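All remarks here apply to the structure that follows.
The values are calculated or read from the model by the stated rules, or taken from the named source; none is laboratory data. Quantities reported herein were computed from a predicted structural model and do not represent experimental measurements. Because the Cβ atoms are built from the backbone with ideal geometry, glycine has one as well, and the counts that use them run over all protein chains shown.
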Amino acid sequence: MDTDRTGIHPLFALQRYACTDDPSALPNHILKEFTDTTLTLYDCFPKSKVHLLVLPRPHAGVKKEDLWSLRTLLKGDKVRAKQVLEDMGKTAAKVKDGIEKDMVETWGVKWPVWVGFHAIPSMQSVSWLIFKRVKHKKHYNSFHPEHGFFLRYDDVMDWFDATPSYYERMSNFSSSTYEDILKEDLSCFKCHKELRNMPQLKAHLEEEWQKECKSEKERIERRRKFEQQALERKRRREQAAAATQPAKGEEAAGTENAASNAPATEDARDEGEPPRKKRDTTAELEEDS
């Protein structure tokens, strides 16, 4: 049975951490971050490159007895349970975003980051699943996304919108049912290839990781070239448009030349010439008559 660095069973240690009044006092190798309602910790026994735990904290209307496990939470007040899980989901989404950014900066690619619960008996886990540290089949199967022991967060939240009977059935976790899942044969969660033992599985997952890295880097390079070509086409269009339009100075000069070459009008006068007297056409018509 695993214990943490203090010799305490992990479940008791996690509850103790979640109930602490001042999470900022926790050691740096344990504490990731915290809010009024959640606590994010580094797993003391990580099963992947990045393995974090998001725990609910006791707060107004939520007692520590309600938070012992997912089953305990769901068997209590349904409205309260949904609110607790929504708070955890917000924290998990933030943590997941940070993990993905770190992956891109470090390796240039993103590998699946899964958010969910172990059916028995722990609370929420946020894991980036590259299983280089997994030693036993049961640990790998406990995170396999299709076996059913690892319950995805979104799937659990869908239970609240289902019929009451379905919600009741899904939240009534049976130890015998879920423990059998841990004994299933090993298979790759990416391509579903079956492997005989853990060394073969980890070697295969490393190959999948390398292929994923190569594919993602090629995709990023294609996108970079496409964006570069798009910018080049835009630059050429702007240059072509500028070439067809005369410069502002040339437009002004053309306007002045056109005005100077226009024929003189009746009102045009030499400088100093007195104004001409307007003919009285009405008087001339009378004389003629």
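A few points about this structure:
- Leu205 vs. criteria surrounded by 10 or more Cβ atoms within 10 Å (Cβ to Cβ), in contact with a helix residue (DSSP H, G or I) (Cβ under 7 Å, 6 or more places away or on another chain), at pLDDT 85 or above and not assigned by TED's automatic domain parsing to the domain that holds Trp111: no
- Pairing each residue of the stretch 73-90 that is assigned by TED's automatic domain parsing to the domain that holds Arg57 and surrounded by fewer than 16 Cβ atoms within 10 Å (Cβ to Cβ) with any residue that is among the small types (Gly, Ala, Ser) and not in a helix (DSSP H, G or I), provided the two are 6+ apart or on different chains, yields C-beta distances under 9 Å for Asp77/Gly61; Arg80/Gly61; Gln83/Gly61.
- Qualifying residue in the stretch 178-195 (condition: closer than 22 Å to His51 by Cβ, in contact with a Cys (Cβ under 9 Å, 6 or more places away or on another chain), crowded, with 16+ Cβ neighbours inside 10 Å and not small (Gly, Ala, Ser)): yes
- A residue that is surrounded by 17 or more Cβ atoms within 10 Å (Cβ to Cβ) and more than 17 Å from Leu14 (Cα to Cα) cannot be found anywhere in the stretch 59-70.
- Some residue of the stretch 180-194 being in a helix (DSSP H, G or I), acidic (Asp, Glu), in the same structural domain as Val113 (by TED's automatic domain parsing) and more than 32 Å from the chain's Cα centre (by Cα): yes
- Residues satisfying the stated conditions in the stretch 68-93, i.e. outside any helix (DSSP H, G or I) and of a type in the set (Asp, Glu): Asp77
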